[in-house]
Amino acid sequence: MKTFARAFLGEYRRIFTDAGALLILVAALVLYAFFYPIPYTPQVLKEIPVAVVDLDRTEMSRRLTRLLDAHELLRTVANVGSAAEAERMARAGQVGAIVVIPEDFERHIKRSEQATVTAYADASYFLVYRQALTGAMESIGTLSAGIEIRRLQAQGLPLEAAMKARDPLPLVMRPLFNAAEGYGSYVVPAVLVLILQQTLLVGIGLVGGTARERRRASGAEVSGRVRAGAGGALAAIAGRALAYFTLYLVHLLFYFGVVFHLFGFPQRAGASTLLAFATPFLLAAIFLALAARAAFRSRETSMQVLLFTSLPALFVAGFSWPVEAMPRWIATFAKALPSTPAIAGFLRLSQMGATLSQVRSEWMLLWALCGAYFLMAWAAEWWDGKERL
């Protein structure tokens, strides 16, 4: 118990007396909580600048131009006379999409002939591409529907019957869970979970590297492999893990309880459910960090080695790119990272209102990772056998 208590209190002392560790393990999480979601506050990309190439210059083409400008996703910034000029504006980044209305557009419509409107969008920025084409198709579809309804009315059908004849099987789409269809609600909750893991890995590695530097400077480095036996190593690992667990439990509750509410992200999970699911995630990340820090012999090593892993860990988590589309070996490797099952489980709990039993596979995987990384951390501590509490 003395070893456990000394390890627990000693780890807290190292965290709060080291400015670098305090910045990563405390300040960084608070800063990320507010500054990372701010750019996503609008949630939905709107008013994409569009250049219209009106080669027809008739009442019908001007009506389509007004519909494009009236759409919430688009903003007509130029009505140019040639496709070459519009292309120049797109290459200069002045517009995100181009809509070309051909010659004889109105004439073809009045003759009940097909008229083709061409829309180009910047596919190098996929979100702009999606929103621009959606706005263009909906605007063109609105004009087309109005023309068809008026044609049916001219044949003697009343307005209601003409509308039903125009669209006999209407499609009603209702977004589930992310009702605002916002990009922030989609990406930020997952990234916040990854931030918890990555700051743990970097911060614990920094604390361990700092302790080794201080021992070398004081001449306390020794060559023995076993200091206090397996029991002492177990008590030391448990004490350190409890210190980080209590600290990060506060961070997690702050994220899911305050940040989610502040920025309007969906939160449908109860506190007890979140706590039950978070326990193996935090412990697995902590034990992984404690095992990995045995390899860090200097203060800066953890940052140099682990910072670049954040983006790969995000991409293999399975929310930004479907797991089914990944190579099998990458999807298998990703399951060894606590963030992969944690992100999947937390999103289903908080956004979809799932119960703990409905994320049982992710929960059990986290417990398995917790056990595996605990054994690795215990072995690393026992083998190292040199660090003073």
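FYI, it's all coordinate maths here, none of it is from the lab. Computed from a prediction, not measured in an experiment: that's the story for all the values here. Glycine gets a Cβ as well: all are built from the backbone with ideal geometry, and neighbour counts include every protein chain shown.
Normalised by the number of residues in the chain, the average gap of Cα pairs under 8 Å and 6 or more apart makes the relative contact order 21 percent.
Span-like helices, the chain: DSSP H, alpha-carbon axial extent 27 Å or more, mean Kyte-Doolittle 0.0 or greater, which ones?
Taking the DSSP H segments of the chain (at least 27 Å long, mean hydropathy at least 0.0), we get 126-154, 183-218, 229-254, 271-292, 360-384.
Distance between the 7 Å Cα→Cβ label points at R150 and F35: 5.5 nm. Taking the fewest neighbouring Cβ atoms within 10 Å as the starting point, the ordered list for I195, I330, I204 is I330, I195, I204. For a paramagnetic label modelled on A276 (point 7 Å from Cα along Cα→Cβ), amide N atoms under 18 Å away belong, within segment 246-268, to 253, 268.
In a fully extended conformation the segment linking A325 and L311 would gain 3.3 nm over its present Cα-Cα distance, using 0.36 nm per residue. Separation of segment 132-172 from segment 67-81 is 21 Å, based on Cα centroids. Relative to the Cα centre, the charge distribution of the chain, modelled as +1 at Lys and Arg Cβ and -1 at Asp and Glu Cβ, gives a dipole magnitude of about 1640 debye.
Averaging Cα coordinates gives a centre for segment 300-371 and one for segment 257-289; these two points are 14 Å apart.
In this simple spin-label approximation, A84 and L171 carry label points 7 Å from Cα along the Cα→Cβ vector, and these lie 3.9 nm apart.
Highest mean first, what order results for 292-301, 184-193 on Cβ atoms within 10 Å? Could the numbers behind the result be given before it?
Values: 292-301: 17.8, 184-193: 21.4.
So the order, starting with the most tightly packed, is 184-193, 292-301.
Evaluate the relative contact order of segment 48-166 (contact order divided by residue number), counting alpha-carbon pairs under 8 angstrom at least 6 apart; express in whole percent.
Details: 172 pairs, mean separation 32.9, N = 119.
Value for segment 48-166: 28 percent.
Each of W378, W383 was scored by other Cβ atoms within 10 Å of its Cβ. Listed from fewest to most, they are W383, W378. For segment 168-181, backbone phi angles converted through the Karplus equation (6.51, -1.76, 1.60; θ = phi - 60°) give residue-by-residue couplings of x, 10, x, 9, 9, 9, 10, x, 9, 6, 8, 4, 7, 6 Hz, Gly and Pro being listed as x.
Taking the number of Cβ atoms within 10 Å of each Cβ as an exposure proxy, the fewest-first ranking of K164, K2 is K2, K164.
Work out how much length L9 to Q114 would gain on full extension: take 0.36 nm times their residue separation and subtract the Cα-Cα distance, in nm to one decimal.
Numbers: separation 105, 0.36 × 105 = 37.80 nm, distance 7.74 nm.
Roughly 30.1 nm would be gained on extension.
Residues of segment 17-47 with amide nitrogen under 13 Å from the 7 Å Cα-to-Cβ point of V187? The answer is 36-45. Excluding same-chain neighbours fewer than eight residues apart, the aspartates and glutamates reachable from K164 by a Cα-Cα span under 15 Å are E148.
Residues in segment 344-387 near a label at R297, defined as backbone nitrogen under 16 Å from the 7 Å Cα→Cβ point? Counting backbone N atoms under 16 Å from the label point, the list is 384-387. Give me the aspartates and glutamates in straight-line cross-link reach of K335: C-alpha distance below 19 Å, same-chain residues under 8 apart excluded. Straight-distance partners of K335: E324, E362.
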